[in-house]
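Let me begin by presenting the structure, written as structure tokens, before commenting on it.
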Amino acid sequence: MRMRFTLGVVVSIALAACASVLGIRHDLPSHPFEHRAHVLKAINCVECHADVDRAGDTGPVHFPSEAVCRQCHEKPHDDRPCILCHGEPYVRQVAELARAQLRFDHLRHMGAVHGDCVRCHSDVAEARPETVLPKMATCFGCHEHRDQWAMRDCNGCHVDLRDEGVPPDDHLVHDADFVREHGVRAASARDLCASCHTERQCASCHGEGTVPALPWKLALGEVSLSGIHRAGFMARHPEEARADPGVCTTCHTESSCVDCHTRENVAGAAARSPHPPGWVNGEHGAQARIDPVSCAGCHGGAGETLCVGCHRVGGPGGNPHGPGFTSHKDVHHDVPCRLCHGVGP
Amino acid sequence: MSCKTTASRHPRRRLVACAATTVAGAMGLASGAGADALRLRADALAETQGTSSPTGLVVLQGQDAIRPWISAEALVWAGARSPHLTGDVLVLTVRLREPHGYVEALAGRFVIATGAVHPVQIDGGHVIGRAPWGSTVEAFGGLPVVPRFGARSYDWIAGGRVAQRVADTVTLGVSYVQRREDGEISSEELGADLAAAPARWLDVAAFGAYDLENPGIAEARASAAVRCNDWRFELFGSQLSPGRLLPATSLFSVLGDMPSQTMGATVRWRAAPRLDLLASGAGQDVAGGLGGNGWVRTTLRLDDRGNGSLGLELRRVDLPGARWTGVRAIGAVPLGKGFWYSSEIEIVAADHPDGRGVAWPWGLSALSWRSRDGWQVAGALEASATPLLRYEAYALVRLSYALGGPETTAPRGPSSGTR
């Protein structure tokens, strides 16, 4: 019985500790502002956020001052400033950043919503840092912005999206396995991506000769950056390439392998062959059909003469074309057909 | 720039001259602008391998919006590993934009990727025309980039895309690209792409590229994602034909079509405000060999802003010729006063190491400091064992300066402020 009691106490303490770590319960002293409690007491937003209803798209953020709090809380429970605990500093920073980065005019909106702040700030009672600002979907509830969206004209609301650097939350979600997903997402809307992302961000991964300037190579401490080539990729890249034949070719040229291997002294005249004994007379043909990119990585270009030696028309290697192979090339004049078809046995 | 077109007998002198010209050009563009818009960043990275010479790297980045309708950006790196000096221009562009977005033009060196066109870095131009009713017409052309100022042959690439938005929720596009090497067609593809968001909780995207030279599907990908509060599910599928992705001028493009197909799902669950769980699994058919891969990842943010985080990932790949298991752990902890400590460890074990070592561990520990006026200093130790080397170790030091605010490379965390 005592054992169970002890175990229960330990589990409870562990859960309580986890609740804080997981963000379920916030540590003191600062915690989200108690908007709900104030709303339930029928206190109008503008009683604390004075003059926000007349604010234009410039000027300070309308957070209440200490004096405003003390108009009602005449005998505070603590001598320290209210904002030390009530409301998180991060929320203020987000609001101040939004003030600088967005063109928004409270004055024009207050009439349209008849002074009902919650029409836009619908999640304010949740008092979570990410709900301090209305989502873009909330804006789109009234403003269609259909033409601006089509024209990629975001400047009506955003001062400078590239400078803003805020990932979208409720549209164009950058979530989960986004590195794999981003290609198919960007296919139809590359110019939309470009409204936030610079050319440098694309070229940092997709450009030729980028390896020395890869983002995660420069960002030593940013271990949460995702990427295909990070961590121990150098060790596992042969396994990665074999697991998805052809995927390397979507960015790298066929000579990338041999260029790098030569620089690193992995390939070249002095390097040992990676093929098992009996490779030429064994499974090389079947493997080449599965992953021709790997073959081209070393034997591409001038190395193709090695294949032509056996597989030329009438040669001992026989016809290398797989079932159903078709091509629009002229077999006697175009490369690579003429390499085999243009020479006699 | 002539320095990018042909090889030289004096590569070092050429490189220095070219890098200087490029950076000077970028700086010149920037200096003509309002100071507030100017954004420059310089990184100097030095790394030391136990027995090798030190390696140095300088990366310069800059961007500026000179007027609302014109902007420019550049990314240049130069490196030295004694006695060799090398470098490259990754981006050097000028973008012109009609204020309302009807026409947009980009010229210089950049990565072109639109519709089903694979990403290609080119020296050329890209023009987009848009209409308010949702029509988009794009055209691009140029010379594929030869890395590190290598010799050029008669290569060029050209193509375009036409797209139409339908009922505000669907975009359909058709693209075409032709690429030539030494005058011969190395790639000619017709592509189709689709993006649809029929509801706020549903996104669908897909594209397919059809090889016109060796007729058949070169690549097709599709993804459908559903969001519901703290959950997100994604179904994805792809087909890749390696032989068709190779240039049609390669001898290895004539071996026939043995496509690999993948079908899988990813799920993300925000289990707690600071805890994300992700899992992904896929079945694969690689030329008749069946298998699959999967991973599970958990990320715990140490505060609501995502400034610090701990993460763990388990991964398994099980396909003929590629069977391995990996585990990766990350940790990033703010130490206060601008200091950060971060560490990343990965261990990979192949089922059939074939004499390449039982496991391939890799680790990095870094300490960095960031000032409020744009300076960053970071030092790291990186150590690993690879199939080729029993062990190797590097020390890395980076010094960075950002003028005009920090460069945003990636979001820190989902709760770090989103729109």
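Annotations for the structure displayed:
- Computed magnitude of the charge dipole of the stretch A:227-328 (debye, nearest 20; Cβ of K, R +1, Cβ of D, E -1): 100
- Our analysis of the stretch A:24-134 gives Rg over Rh at 0.95, with the two radii drawn from alpha carbon positions and Rh computed by the Kirkwood formula.
- With a 10 Å cut-off around each Cβ of A:163-169, the average count of Cβ atoms from other chains is 6.
- Selected from A:92, A:263, A:119 as most flexible by GNM, with chain A as the system and alpha-carbon contacts under 10 Å: A:263
- Choice from A:243, A:186, A:50 with maximal GNM fluctuation in chain A (Cα, 10 Å cutoff): A:243
- For the stretch A:287-345 and the stretch B:237-272, distance of Cα centres in Å: 22
- Inter-chain neighbour count for B:90-100: the average number of beta-carbon atoms from partner chains within 10 Å of each residue's beta-carbon is 4.
- Span-rule helices in chain A, defined as complete DSSP H runs reaching 20 Å or more along the axis (Cα) with Kyte mean at least 1.0: A:2-21
- Its DSSP H runs of at least 4 residues, each contributing -39,500 (n - 2.57), put the calculated 222 nm mean residue ellipticity of the protein assembly as shown at -6000 deg cm²/dmol, to the nearest 500.
- Short-range pairs are left out: with C-alpha atoms under 8 Å and at least six residues apart, the relative contact order of the stretch A:204-317 is 22 percent.
- Across peptide A:286-299, the mean count of Cβ atoms from other chains lying within 10 Å of each residue's own Cβ comes to 6.
- Sorted from greatest to least, the principal axis extents spanned by the alpha carbons of chain A come out as 102, 68, 35 Å.
- Sorting the segments A:54-62, A:161-169 by their residues' average number of neighbouring beta-carbon atoms within 10 angstrom, most packed first, yields A:161-169, A:54-62.
- Added length on full extension, which subtracts the Cα-Cα distance from 0.36 nm per residue, residue A:328 to residue A:77: 81.9 nm
- Summary of the geometry: the stretch B:134-167 and the stretch A:88-147, compared by the centres of their Cα atoms, lie 40 Å apart.
- When you restrict to C-alpha pairs under 8 Å that are six or more residues apart and normalise by the size of chain A, the relative contact order lands at 10 percent.
- This ranking places B:263, A:136, A:3 by how few other beta-carbon atoms lie within 10 Å of each, fewest first, which gives A:3, B:263, A:136.
- A simple packing score, the average count of other Cβ atoms within 10 Å per residue, orders the peptides A:320-330, B:86-96 as B:86-96, A:320-330, with the highest score first.
Read-outs throughout are calculated quantities, based only on the coordinates presented, and are distinct from any laboratory measurement. All values reported here derive from a predicted model rather than from experimental measurement. FYI the Cβ positions are ideal-geometry reconstructions off the backbone, even for glycines, and counts take in every protein chain you see.
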